[in-house]
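First comes the structure, then the notes that go with it.
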Amino acid sequence: MPQPLLYSAFVMDTASHILHGLWRQPDGGQVDFNSLELWTDLVKTLERGRFDVIFFADVHGVYGAPGESITRHVKAGLQIPSNDPAVILSALASHTEHLGLAITSSIVQDHPFSFARKMSTLDHASRGRIAWNIVTNGLSNGARNFGFESLTPHDERYAWAEEYMEVVYKLWEGSWDEGALLQDRVRGIHGDPTKVHRIDHVGRHYRVEGPHLVSPSPQRTPLLFQAGSSPAGMDFAARHGEAVFLMAPAPAFAAQAVAAIRERLAANGRRSDAIKFFQGLSFVIGSTEDEVARRDRALDEAIDYEAMITHLGGIMGIDLDVDALDRPIDSLTTEGARSLLDWVRAAVTDRVPTVRDIGLLASRSSRVSGTPEGIADQLTAWQAAGVDGINVINAVIPGSYVDFIEHLMPVLRRRGLAAQDYRPGSLRRKIFGHDRLADGHPGAAWRGAFGTAPGTVGA
Ligand SMILES: Cc1cc2nc3c(=O)[nH]c(=O)nc-3n(C[C@H](O)[C@H](O)[C@H](O)COP(=O)(O)O)c2cc1C
């Protein structure tokens, strides 16, 4: 029997996350993203289906190059409006017992002191089921929303993220020793002052005195997710990540990314199995090949390609001409999009590829279509490439997850590709067998780093 894969539901508190335009479908429940019940119902469904994690993507600004119009984004609901997932997480915790709760937060959008406090509070409230997807993202509007004149260059953002990590590790791992919270009613001593420490962090971006205001939560540091794909991003993932999200176009590409990050793990003195890799995939499930083909076509027809291309252009920082979807891409000369255009040219060989093909390919590259048995075969191929988990992209909420749970999970379980039940304990314990960061992890180095003398403030 193979090792069971892990399953994450990839969502965003918005109408149009990855597969754009599907909120227009009669069963596109994501249009009700403002309703808390959409999310509490979804987490209960996911837990009944034995999903491991719900993972919320997040942005802190609108996509687009400086000066680009936001008309298309607003019309398409392309990640605007978008709510703050951290705010609804405690409600989701109270409706579930086992499901991991992952949010994305960028180093730009929150000061590390308040972020560490918020995550510790959530980790307590969920009994240790919180995860953080660390992003350093390239949204120039996001940078300007937080008072920066322009976007910090790519590799400098990762250097900044290193300091951010140092601050939160000091707070989560170092500020409170084990056993500091006594709550001794007889002696009248709530906390042991010799075990609560200031961190006195002074760095390029932050000065944080401490102590951390929250006592140690079940995991202390939340389970750390990351999705860097550049060399600096992979270095960062190999230092800090415990799970890495991939969006590889085929298993062979996933194998390359896994090998590149594993090599870096060794260089960082971490075990080669210290990271779980999650591949993002969407699913079209049918009971016969004819039904699969019909559903595939229906999905192709329902997608908003203008929004797909606006989003892709936004991620790459270029303004693709979405007003001319049938324009041949041969006439495009954008330097920034060269690798994407080469990919489209290589994939479309029977005719002249157009701008629409960029969106079509992007919507299909991560799609797995088939009967439940056929899909299980394809997941076996992803697993053979080194993938430990699947990050399930939705077309509609909750329908995509209901279909997955009802039609696919029973087959995956029978074939050993999905676990029969949850393991007990915190999210990290369920996945790695222990509650706290592993010893070789850089965050663990801050344990006990701040001495034993009772602290003062402001001295
Ligand atoms: C599955 C997945 C989810 C991601 N989610 C977010 C997100 O929610 N917010 C965000 O700003 N960036 C997100 N990213 C972008 C990554 O954080 C990262 O910036 C990107 O993969 C490029 O890597 P690089 O920064 O090393 O170049 C995501 C990437 C992947 C593959």
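Rule-based calculations on the coordinates, nothing more; no lab input. Note that this is a predicted model, so its numbers are computed, not measured. Neighbour counts run over all protein chains shown; Cβ positions are idealised from the backbone, glycine included.
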Exercise. Hey, with R₀ at 25 Å, roughly what FRET efficiency would Glu156 and Asp273 work out to, going by the Cβ-Cβ distance, to 0.05?
Worked result: 0.20
Seminar exercise, completed: The extension gain from Ala384 to His95, computed as 0.36 nm times the residue separation minus the Cα-Cα distance, is 100.5 nm
Problem set entry | For the stretch 1-25 and the stretch 266-311, distance of Cα centres in Å | 8 Å
For this session: Translational diffusion coefficient, Stokes-Einstein: compute it for the chain using the Kirkwood radius over C-alpha pairs as Rh, at 20 °C and 1.002 mPa s, and state it as an integer in µm² s⁻¹.
Result: 92 µm²/s
Exercise. Just the Cα atoms of the stretch 51-90: what Rg and Dmax do they give in Å?
Worked result: 13.1, 41
Exercise. Put +1 on the Cβ of every Lys and Arg and -1 on every Asp and Glu Cβ in the chain; which of His201, Ser82, Pro4 then has its Cα farthest towards the positive end of the dipole?
Worked result: His201
Exercise. For the stretch 117-169 and the stretch 407-445, what is the separation of their C-alpha centers, rounded to whole Å?
Worked result: 25 Å
For this session: Compare the Cα positions of Phe278, Ile107, Thr452 along the charge dipole of the chain (+1 at Cβ of Lys, Arg; -1 at Cβ of Asp, Glu; about the Cα centre) and return the one farthest towards the positive end.
Result: Thr452
For this session: Just grab the label-to-label distance for Glu301 and Glu373, each label 7 Å out from Cα along the Cβ direction, in nm (one decimal).
Result: 2.9 nm
Problem set entry | Residues Thr96, Thr71, sorted so that the one with the fewest Cβ neighbours within 10 Å comes first | Thr71, Thr96
Problem set entry | Proximal lysines relative to Lys276, as straight alpha-carbon distance under 16 Å, when same-chain residues fewer than 8 apart are discounted | Lys430
Exercise. Spin-label point model (7 Å from Cα, Cβ direction): what's the Asp330 to Ser114 distance in nm?
Worked result: 5.4 nm
For this session: Work out the length of the dipole vector of the chain about its Cα centre, built from +1 on the beta-carbon of each Lys and Arg and -1 on the beta-carbon of each Asp and Glu, and round it to the nearest 20 debye.
Result: 1300 debye
Problem set entry | Relative pair counts by distance (%), Cα atoms of the stretch 261-331, 10 Å bins | 15, 23, 23, 25, 14, 0
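Shape verdict for the stretch 81-129, please, from the Cα gyration tensor: rounded (a/c under 1.5), prolate (a/b greater than b/c) or oblate.
oblate
If you take the beta carbon distance between Ala444 and Asp421 as r and set R0 to 30 Å, what does 1/(1 + (r/R0)^6) give as a FRET efficiency, to the nearest 0.05? Write down the numbers at each step before the final one.
Values: r = 30 Å, r/R0 = 0.99.
Efficiency computed from Cβ-Cβ geometry: 0.50.
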Problem set entry | Amide H within-cut-off set for Phe277, under 5 Å, with H built and near neighbours excluded | Val244, Asp388, Gly389
Exercise. If you take the square roots of the eigenvalues of the alpha-carbon gyration tensor of the stretch 70-181 and sort them as a ≥ b ≥ c, do you get rounded (a/c under 1.5), prolate (a/b over b/c) or oblate?
Worked result: oblate
Problem set entry | Residue-wise HN-Hα coupling along the stretch 99-111, computed from phi with Karplus coefficients 6.51, -1.76, 1.60 (Hz; x: Gly, Pro) | 4, x, 10, 10, 10, 8, 8, 8, 4, 7, 8, 8, 5
Seminar exercise, completed: Ordered by fewest other Cβ atoms within 10 Å, a rough proxy for footprinting exposure, Glu162, Glu289 read Glu289, Glu162
For this session: Set the Förster distance to 35 Å, then compute FRET efficiency between Leu181 and Leu36 from the Cβ-Cβ distance, nearest 0.05.
Result: 0.65
Problem set entry | Net charge of neighbours whose Cβ lies under 9 Å from the Cβ of Asp58, counting Lys and Arg as +1 and Asp and Glu as -1 | -2
Exercise. Could you state the number of Å between the C-alpha centres of the stretch 177-223 and the stretch 69-102?
Worked result: 30 Å
Problem set entry | Candidate lysines - alpha carbon under 28 Å from Lys195, same-chain residues fewer than 8 apart omitted | Lys118, Lys170
Exercise. Relative contact order of the chain: what whole-number percent is it, with Cα pairs under 8 angstrom and at least 6 residues apart?
Worked result: 23 percent
Exercise. If you average the sequence gap of Cα pairs under 8 Å that are 6 or more apart and divide by the length of the stretch 1-54, what percent do you get for the contact order?
Worked result: 44 percent
Exercise. If one computes P(r) from the Cα atoms of the stretch 216-256, what percent of pairs lie at distances over 14 Å?
Worked result: 55 percent
